[in-house]
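First the structure, in the form of structure tokens, and then the observations on it.
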Amino acid sequence: MDPADHRQLVSLLAADLGWLEEHCRRQPAMGRESAQLRLAAALVRNVAGPFLEGQPDTPMHVAVVGGAGAGKSTVVNLLLGAAIAEANPQAGYTRHPTAYLPPSASSGWSGHLGFLGPLRKLDQPARADLDEDVYQVRRVPGSDPNPLGDVVIWDCPDMTTWAATGYLPRLIEVAALADVVVYVASDERYNDAVPTEFVNLLIRAGKAVVIVLTKMPDDRAAEIIDHFEREVLSRLPKNPTGRPAIPVLAVPHLPPSHLADPAGKSGVYRIPLLNQVMVLADPAVARRRTVQHALEYLSTAGGDLLDVARRDLAAMDAWKALVQSAREEFEARYQTEFLNGEGFRRFDEARERLLDLLELPGAGRAFAMTLWVLRAPYRGLRSIAEKALVRPPAVNVGEARVLDGAFRAWLDKVRAEAIHRADTHPLWKHVSTGFSAGLPEAATDHFQTLLRSYQVSSAEEIDGAARSVTAGLEKNPAALVVLRAGKLVLDVAAIGLAIWAGGWEWPTLILIPLFVSAAHQVVELGARQYVEGKRSALRSRKKATVSQTVSGPMADWLVRWPATGGSAYEKLQVALRRVPETIAHLKHMAEPRLRA
Ligand SMILES: Nc1nc2c(ncn2[C@@H]2O[C@H](COP(=O)(O)OP(=O)(O)OP(=O)(O)O)[C@@H](O)[C@H]2O)c(=O)[nH]1
Ligand SMILES: [Mg+2]
């Protein structure tokens, strides 16, 4: 394994999760989700990273967590066997994590790149209430080795709210690192919702947990443990097989003299606690379990973690739907305002050409001319009738103007809707701000580019379609001969019919032009039908072309707009795609070592 590989993956994943957390924190009521993302990033930094880096399996990290004033620092003292951690009556006193190193504990475990994320190691001891993104390491004086062996015991700030600011991220950083979490709850507040949700999250994340209930009267310890198991533990996530069971211990309310002497007078509570922690912190298995559970959690909770983006994704879908519905209106407007009214004059010319083509060439020309002369009264009458009946063609405003107008309406619609929804989600805010900061100009530029290339191909398309009215026949002399012969037969039959009807009398002189004109009318009708078919095919084709080359790409451009230009939504999409991939990759890298 190339060390650069896993380092890169670890920092990429931690950064993506960190970015999602930051994004999540900017939205109201997402504290729980941001904490969850912080935990995931911290598992990557503090568990997966050091493991892939080949760090030794010890020291074991034991983190003591719980609600404000629950007795965490007191429990740390029990674990250390010395009253060293600052227990203070002011609830929420401990503000940053402190690592206590028993005399036997190894050092040098904090050098790993990215270790504890943003927390800086203090060089000098400081008071536990120093409220900064720091941690300190204190060596426990004396020479007695701790019964837990090579262990680091972490005293942590409390867990009272999901508001993802202040010291909660510091606590999460250390909880992620821990091989064993000791969760402390005082008798009066042991089912407080937020600390319970927190321990729930840690259990789901695969942490080995010991629960310590504190400060109850001695004689109620058993009853309170029982109650806790029934009311709280039973609602915590079911322990998947292979996971350690969750022991519950009681440390009743102790007199100050006992608090001051954890190894001696409080020994009766200290020993069971050490025993439980010792089982879970067995160096032969504990670290491997920590790593394995962390990776399992990351890969199974991947979907949950990305759930924080669900509102963003829903907003993106709504934006997409809006753009698409405005696009449909654009296309409908093009249809009614342009296509339906546009006659495509080139087709009228094409029809004339088609009729010309059907006339006899060469020697037949004289016959055709004679018929043309015979039809003169009919042409005269028809032109008078047409002038009287046919309305002048509707004024056609031109395709480009219709498209321009429809596009402006499209933009107006999405602008109005974005402003209307601006308060419902940051995406709408982003779009509505965009409308006064260059979005309409950029969109119009893009539209004009699409329109220009469409117009070039469109002129060619109309020409081609009009040409195709006669091109087929011109290239097919056999068919042309058949059609001309057909027309000749029709004309001759009309003359024959006129002579048959009128005999060799003077009315025949009227009947012949009449019948010849009627025959021509039939041919014209056929030609008209044929050309109309071509014309309406061109309309549908133009509609499809506008959709494919103008409105479709324009809609894509608008849909993508919020996720471009380095916006949050662009990063969001990258992170959503990359996080599951990177988790899978890291897991894959760790597996051979976990099996070894
Ligand atoms: N008398 C007595 N006081 C206790 C006992 N356990 C904790 N306390 C006191 O309760 C207060 C809070 O205990 P801590 O151990 O500081 O609690 P914590 O969880 O570390 O509190 P924060 O760090 O402020 O969140 C301190 O004044 C302790 O001395 C106990 O068993 N008996
Ligand atoms: Mg404390």
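Mind checking which residues of segment 207-223 are out of contact with any Leu (no Cβ under 6 Å at 6 or more places or on another chain) and either within 16 Å of ligand 2 (Cβ to nearest atom) or farther than 23 Å from ALA175 by Cβ (or both)?
Listed by number, the residues that qualify are THR214, LYS215, MET216, PRO217, ASP218, ASP219, ARG220, ALA221, ALA222, GLU223.
Being away from ligand 1 (no atom under 15 Å from the Cβ), within 19 Å of GLY81 (Cβ to Cβ) and either among the β-branched types (Val, Ile, Thr) or touching a strand residue (DSSP E or B) at 6+ places or on another chain (Cβ under 6 Å) (or both) narrows it down to one of VAL134, VAL151, so name that one.
It is VAL151.
In segment 176-201, which residue that is within 15 Å of ligand 1 (Cβ to nearest atom) and hydrophobic (A, V, I, L, M, F, W, C) is farthest from LEU78 (Cα to Cα)?
By that ranking, first place goes to VAL194.
Of all residues being assigned to a helix (DSSP H, G or I) and small (Gly, Ala, Ser) in segment 565-596, which is surrounded by the fewest Cβ atoms within 10 Å (Cβ to Cβ)? Just the residue, please.
Here the residue is ALA584.
How about segment 338-389: which of its residues are closer than 30 Å to SER458 by Cβ, open to solvent by 30 Å² or more (accessible area, probe 1.4 Å) and either part of a loop (DSSP other than H, G, I, E, B) or of a type in the set (Ser, Thr, Tyr) (or both)?
Selection gives ASN340, GLY341, GLU342, ARG345.
Within segment 32-79, work out how many residues are open to solvent by 20 Å² or more (accessible area, probe 1.4 Å) and either free of Cβ contacts under 8 Å to residues at least 24 places away in the same chain or away from ligand 2 (no atom under 16 Å from the Cβ) (or both).
Within segment 32-79, residues that are open to solvent by 20 Å² or more (accessible area, probe 1.4 Å) and either free of Cβ contacts under 8 Å to residues at least 24 places away in the same chain or away from ligand 2 (no atom under 16 Å from the Cβ) (or both) number 11.
Within segment 81-109, can you find the residues that are surrounded by 16 or more Cβ atoms within 10 Å (Cβ to Cβ) and more than 16 Å from ligand 2 (Cβ to nearest atom)?
Result: GLY81, LEU101, PRO102, SER104, ALA105, TRP109.
Can you find a residue in segment 141-153 that is of a type in the set (D, E, K, R), away from ligand 2 (no atom under 16 Å from the Cβ), touching a residue at least 24 places away in the same chain (Cβ under 8 Å) and assigned to a helix (DSSP H, G or I)?
no
Yes/no per residue for (1) under 17 Å from LYS72 (Cα atoms); (2) of a type in the set (S, T, N, Q); (3) modelled with pLDDT of 90 or more:
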position: ALA126; (1), (2), (3): no, no, no
position: TYR135; (1), (2), (3): yes, no, yes
position: GLY142; (1), (2), (3): no, no, no
position: CYS156; (1), (2), (3): yes, no, yes
position: LEU168; (1), (2), (3): yes, no, no
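What is the residue count in segment 85-113 for residues that are within 18 Å of VAL152 (Cβ to Cβ), under 37 Å from the mean Cα position of the chain (by Cα) and away from ligand 1 (no atom under 13 Å from the Cβ)?
Residues in segment 85-113 being within 18 Å of VAL152 (Cβ to Cβ), under 37 Å from the mean Cα position of the chain (by Cα) and away from ligand 1 (no atom under 13 Å from the Cβ): 3 in total.
Given the condition among the basic types (Lys, Arg), surrounded by fewer than 21 Cβ atoms within 10 Å (Cβ to Cβ) and not in a helix (DSSP H, G or I), answer yes or no: does some residue in segment 240-258 qualify?
Yes; the residues of segment 240-258 include at least one that is among the basic types (Lys, Arg), surrounded by fewer than 21 Cβ atoms within 10 Å (Cβ to Cβ) and not in a helix (DSSP H, G or I).
The values are calculated or read from the model by the stated rules, or taken from the named source; none is laboratory data. Since this is a predicted model, take the numbers as computed values, not measurements. Note that each Cβ is placed from the backbone with ideal geometry, even for glycine, and that neighbours are counted across all protein chains shown. Just the protein is used for accessible areas: all its heavy atoms, side chains included, with ligands, DNA and RNA removed. Shrake-Rupley method; radii C 1.70, N 1.55, O 1.52, S 1.80 Å.
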